[in-house]
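Chemist: Handing you this structure, nothing more for now.
None of the figures in this text is laboratory data; all of them are computed from the coordinates on show. In this text the structure is predicted, and so the values were computed from the model without any measurement. Note: ideal-geometry Cβ built from the backbone for every residue, glycine included; neighbour counts use all protein chains shown.
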Amino acid sequence: MNQPLGNAVGNAVEVMEVIDYLKGTKRDQRLHEVVLFLAVEMLQVSGLSDSKEHAIQKITDVLDNGQAAETFQKMVSELGGPKNILDETLTAANVVKPVHAPHSGTTSHIETREVGLAVVELGGGRKKASDTIDHTVGFTDVLGLGEEVIEGQPLAMVHAKNEDDANNAIALIQKAYRINDSKKEPSPTIIERIN
């Protein structure tokens, strides 16, 4: 993985992205490509679709008619979560700050492991088994590869429990992104390996 596969990184912020995606209110292109690719594979392997085109049409239909969102809500409810998660507002972090681009250019490389570790540093993951997880922390509006940025423009928004954690995460994300002067076409989100 050479870039975040959606616009959010972290526990609750990823769930909020999924809800927006399923409801059709906001669909990040990277996430949409991943969903379509995996769902097409599943439909074809299971024999529920005989062509990629047919599978894409079935997927598009259940996304557009709300059936996918309803199924997600039912799954969450049956697993002990909120009954109406599609209408819930998840708890937000105490501090939300932009991660400003240190200079102008094009995002050419992202250390995705470092982005994940930045979430852990915020408290969104465990360093040891006894650690508790803060589900509210993470990043939203995360830029992908090949995006043009102007100095000071946000690369992402950090969601943290306090200012110190937010400032530390900002430094980590700025180090995780490489911004070059030349525009380079990014590699595709999905690289299909043919055996």
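Chemist: Check every DSSP H run in the chain and write down those whose alpha carbon atoms cover 15 angstrom or more along the long axis and whose mean Kyte-Doolittle hydropathy is -0.5 or greater. Walk me through the numbers on the way to the answer.
Modeler: Details: long enough: 11-23 (18 Å, 0.42); 29-45 (24 Å, 0.99); 52-64 (18 Å, -0.53); 67-78 (16 Å, -0.58); 163-176 (20 Å, -0.35).
The answer, listed by residue number, is 11-23, 29-45, 163-176.
Chemist: Follow-up. Mind checking region 1-75 for trypsin sites (Lys or Arg not before Pro) that DSSP puts in a loop (not H, G, I, E or B) and that have at most 15 other Cβ atoms within 10 Å? Working shown, then result.
Modeler: Working: sites: 23, 26, 27, 30, 52, 58, 74; in loops: 26, 27.
When the trypsin sites (Lys or Arg not before Pro) of region 1-75 are filtered for loop state and at most 15 Cβ neighbours within 10 Å, 26 remain.
Chemist: Okay, next question. Ranking 45, 119 by Cβ neighbours within 10 Å, fewest first, what do you get?
Modeler: Numbers: 45 9, 119 24.
So the ranking, lowest neighbour count to highest, is 45, 119.
Chemist: When the helix-only estimate is applied to the chain (DSSP H runs of n ≥ 4, each -39,500 (n - 2.57), divided by the residue count), what is the mean residue ellipticity at 222 nm, nearest 500 deg cm²/dmol? Don't skip to the answer; put the middle values down first.
Modeler: Details: 6 runs with 77 residues, N = 195.
Theoretical 222 nm ellipticity from helices: -12500 deg cm²/dmol.
Chemist: Let me check the size of region 9-87 from its C-alpha atoms; what are the radius of gyration and Dmax in Å?
Modeler: 13.3, 36
Chemist: How would you classify region 54-167 from its alpha-carbon gyration tensor, with a ≥ b ≥ c the square roots of the eigenvalues: rounded for a/c under 1.5, else prolate if a/b is greater than b/c, otherwise oblate? Walk me through the numbers on the way to the answer.
Modeler: Details: a/c = 2.23, a/b = 1.30, b/c = 1.71.
Verdict is oblate for region 54-167.
Chemist: If you take the Cα atoms of the chain, find Rg, then find the Kirkwood Rh from the mean of 1/r over all pairs, what is Rg/Rh?
Modeler: Result for the chain is an Rg/Rh of 1.00.
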